[in-house]
Amino acid sequence: MAVPTITLNNGVQIPQLGFGVFQIPPEDTKDATLTALDVGYRHIDTAEMYGNEKGVGEAVRESGIPRDEVFITSKLNNGFHAYDDALRAADQTLADLGVDAVDLFLIHWPLPDVGDFVETWRALEKFHQDGKARAIGVSNFQQAHLQRLFDETDTVPTVNQIEVHPYLSQNPLRAFNSEHGIATEAWSPIAQGDVLDDPVLGKIAGEKGKTVAQVTLRWHIQRGDIVFPKSVTRSRVQENFELFDFELSPEDVAAIEGLNKDRRRGPDPDTFNYIPEK
């Protein structure tokens, strides 16, 4: 089953469907990632903060799949926003993954009251210029955060990874991303399970002979989001991959769009300033 790709603003191609390893314990990450690769995923999304980059790297090596066929994303941990700290942390990601370069590296959170994310972005620009990341981007950036990068630096992010699901459709921010050539990646695509009992989604799923999770993920795919659901259960990993043998009608899409409540499951990027203990 061929997963469509999206061409980022620097020409790099990213599979639109990936596998996320958020909240997968480090000791379970290798096996979960191997399962995903065996099912057919070729895009893995991890982060320094998750503590499981080593497991991802081990899985990619043990899978036997050529490195250039697996798209690996990681993200800078929140405690390393100073320029030199960011470069050291980024190099540590490469060491933990066991790769010469990562396909995509992101600032995980803007942390608006901690340090200066513009300085952090300049470090990522250097990381990219040195050939250690094929593409760089941001995560959880609001319009004002992005505008500062446009005004003060030379590189437009390739992606903005944000919380998106039917209860938080993020259409204004997605439109702003698109206007500036930034691809939108959707984390928490099924609202951490909140949408699974939704009657509107349930009705559409029944009509399609699909699960609510599949319908929700298909909605993301059709609107152009890059999405990477997470599961440690092989049957669910397989189910989440089976999104390309059906299509939602315009009426289905409109019904799902109508579910928006602007309701976050995760933190508000304008006020979130958490730094984990080192």
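Name the one entry in 252, 225 that is of a type in the set (Asp, Glu), within 21 Å of the chain's Cα centre (by Cα), open to solvent by less than 40 Å² (accessible area, probe 1.4 Å) and under 28 Å from residue 40 (Cβ atoms).
None of the other options fit; the residue is 225.
Is one or more of the residues making up the range 75-94 crowded, with 17+ Cβ neighbours inside 10 Å, in contact with an Asp or Glu (Cβ under 9 Å, 6 or more places away or on another chain) and over 27 Å from residue 149 (Cα atoms)?
Checked the range 75-94: no residue is crowded, with 17+ Cβ neighbours inside 10 Å, in contact with an Asp or Glu (Cβ under 9 Å, 6 or more places away or on another chain) and over 27 Å from residue 149 (Cα atoms).
Can you list the helices (runs of 4 or more DSSP H) lying wholly within the range 168-259 that have 2 or more residues being under 27 Å from residue 30 (Cα atoms)?
Hits in the range 168-259: 212-223, 234-241.
Here is a list of conditions, (1) assigned to a helix (DSSP H, G or I); (2) in contact (Cβ under 8 Å) with a residue 40 or more places away in the chain; (3) surrounded by fewer than 23 Cβ atoms within 10 Å (Cβ to Cβ), and residue 30 meets all of them except one; can you say which number that is?
(2)
Taking the range 99-111 only, how many residues are touching a residue at least 40 places away in the same chain (Cβ under 8 Å) and within 16 Å of residue 134 (Cα to Cα)?
Selection size over the range 99-111: 4.
So which residues in the range 142-181 are among the hydrophobic types (A, V, I, L, M, F, W, C), closer than 18 Å to residue 110 by Cα and surrounded by fewer than 17 Cβ atoms within 10 Å (Cβ to Cβ), if there are any at all?
144, 150, 156, listed by residue number.
Pick from 199, 267: which is under 29 Å from residue 78 (Cβ atoms) and open to solvent by 20 Å² or more (accessible area, probe 1.4 Å)?
Only one candidate qualifies: 267.
Being modelled with pLDDT of 95 or more, among the charged types (D, E, K, R) and under 21 Å from residue 257 (Cβ atoms): is that true of residue 218 here?
Yes.
The values are calculated or read from the model by the stated rules, or taken from the named source; none is laboratory data. All of these numbers come straight from a predicted model, not from anything done at the bench. When we count neighbours, we look across all protein chains shown, and the Cβ atoms used for this are built from the backbone with ideal geometry, even at glycine. Note: areas computed on protein heavy atoms with side chains; ligands, DNA, RNA excluded. Shrake-Rupley method; radii C 1.70, N 1.55, O 1.52, S 1.80 Å.
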